[in-house]
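Please treat every number below as a calculation from the coordinates, not as lab data. This is a predicted model, so every value here is computed, not measured. When we count neighbours, we look across all protein chains shown, and the Cβ atoms used for this are built from the backbone with ideal geometry, even at glycine.
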Amino acid sequence: MISLGGAAPMASDSALVPTPYVVKRFVCENVDTFTLTLAPSSGGDALRFAPGQFNMLYGFPAGDVPISVSGPTWRKDVLIHTIRAVGPVTKTLAQLQRGDSVLLRGPFGVPWPVEQAERHDVLLVAGGIGLAPLRPVLYHVLKHRRRYRSLTVLYGARTPSDILFRQEIAKWQARTDMRFEVTVDRSDADWHGHVGVVTQLLDRIELDPLRTCAMVCGPEVMMHFARLALSQRGVPSSQIYLSMERNMKCGVGSCGHCQLGPFFICKDGPVFEYPRIASVFSVKEL
Amino acid sequence: MTSVQTLTPQMLALPFFAGFGRDDLQVLAKHCRPMSWPAEFEVIREGQVATESFLVLDGRIQVQTNVPGRGEVTLQTLLRGDILGWSWLTPNASYSFSARTIQPTSALGFDGTTLLRECEHHPRMGYLLMRRFALVMSDRLRHTRLQLLDLYAPPRTSGSFQALRKR
């Protein structure tokens, strides 16, 4: 069994006060998703974070939203966030230009168990924008490659044009020390890759179930079926981790917006070992 | 020509045949032939009389259909261990979709018509085989339902943010 723990940077009281950052880079990933590279306006170091943690980003005047960090943990100068423009705040953030200011506070939440997964086969299963919160895990494992056994990433996107981080994926696919499989739910005439849901790939990969640590991020239905497929393949529930999403506001478990049964997702999650949330995972309208 | 004796051990190593006895496999092997195709080869065509199943050993096959205005649309990719074609299980069947290799692909081909006759004569093997095909169909149905859910679809309120940036 792998237990969560480790030294994840946690927001102190002062992290409830937003810090100004400046947009250093804006990258369009696809039609509704973009990546912001942010540096502290003060010129100092950016906030430290652990893979899977999130920050609250302010899109003035619309409000703030929780966004997972999608960049590497070792970049001290910047924070990288990949954002899907789906609501008023994220659409406001989508209009930022290089040099614009944005307020940010964090980091919040329980991270992915990267230290506990050492000496295990690491399996990352991502659906849609769920690849962004898992990318820091991938960077971490690749940086400390010898500490881990095999590394497999299974990534499902809606269509070929929705695939995130295309250039990086091509580099990861060319590596011999990892496996990166991409599938799309719907193809077009130019796509010669895999077509089908991401759980289909799970059924086909070789697994050493007892030595596998699986981290899954995507829509809850996708995570539900991925978890089922992993359990059917013999991966112990205690070695399956899911990242939950709820309407997070304060980030410290005070406001109650993100309550899921007995948990506050912002504080007790977003990453959970599956047995912890098994009882509430499939409850409707929680 | 590949003999039954050569094919049987190969089949034993495939998950699709887990649970089949050596005698069952020898019966199946009589109606099975190893096949290999180059990339871009049309293995079956939509509307053709359905007579065969193919168990993919290596390579990739796309299951496709022609959609007017969109051309050949790929519905699913089949990899090692996957089955292509079960339409022959139903009477007077034709293939519902076309299938084309993406890369050089090898498979075991089974003659469905004669397999059905063998199932009549060897009910235990026939039962196992039907259960195995039921599993394949059930997996395919589950995955298709998930595809239909369109899990990564944008919420109704979203749209291209690039239009916002142009304002």
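Here is how the numbers come out for the structure above:
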{"item": "Separation between Cα centres of segment B:5-21 and segment A:70-125, rounded to whole Å", "result": "48"}
{"item": "Under-5 Å amide H pairs with A:Phe180, H placed in peptide plane, nonlocal only", "result": "A:Val153"}
{"item": "Label zone at A:Leu16, where the point sits 7 Å out along the Cα-to-Cβ direction: segment A:104-120 residues whose backbone N lies under 16 Å", "result": "A:105-109"}
{"item": "Three-way shape call for segment B:11-167 based on the alpha-carbon gyration tensor, with the a/c threshold at 1.5", "result": "prolate"}
{"item": "Overall Cα dimensions of segment A:54-151, principal axis frame, Å, largest first", "result": "46, 28, 22"}
{"item": "Computed Kirkwood radius, in angstrom, where 1/r is averaged over Cα pairs of the protein assembly as shown", "result": "24.0"}
{"item": "Relative contact order for chain A, counting Cα pairs under 8 Å that sit 6 or more residues apart, in percent", "result": "18"}
{"item": "Rounded to the nearest 20 debye, dipole of the protein assembly as shown from Cβ charges on Lys, Arg, Asp, Glu", "result": "880"}
{"item": "Label-point separation in nm, A:Arg179 to B:His121, each point 7 Å along Cα→Cβ", "result": "4.0"}
{"item": "Built amide H within the under 5 Å cut-off of B:Gln64, gap 5+", "result": "B:Leu75, B:Ser98, B:Ala99, B:Arg100"}
{"item": "Residues with amide H under 5 Å from that of A:Gly127, placed H, sequence gap 5 or more", "result": "A:Gly156, A:Cys217, A:Gly218"}
{"item": "Helix-only mean residue ellipticity at 222 nm for chain B, each DSSP H run of n ≥ 4 adding -39500 (n - 2.57), per residue, nearest 500", "result": "-11000 deg cm²/dmol"}
{"item": "Exercise: per-residue mean of other protein chain Cβ atoms within 10 Å, A:185-193", "result": "5"}
{"item": "Rounded if a/c under 1.5, otherwise prolate or oblate - segment A:180-282, Cα gyration tensor axes", "result": "oblate"}
{"item": "Mean residue ellipticity (222 nm) of chain A, computed from DSSP H runs ≥ 4 via -39,500 (n - 2.57), nearest 500", "result": "-6000 deg cm²/dmol"}
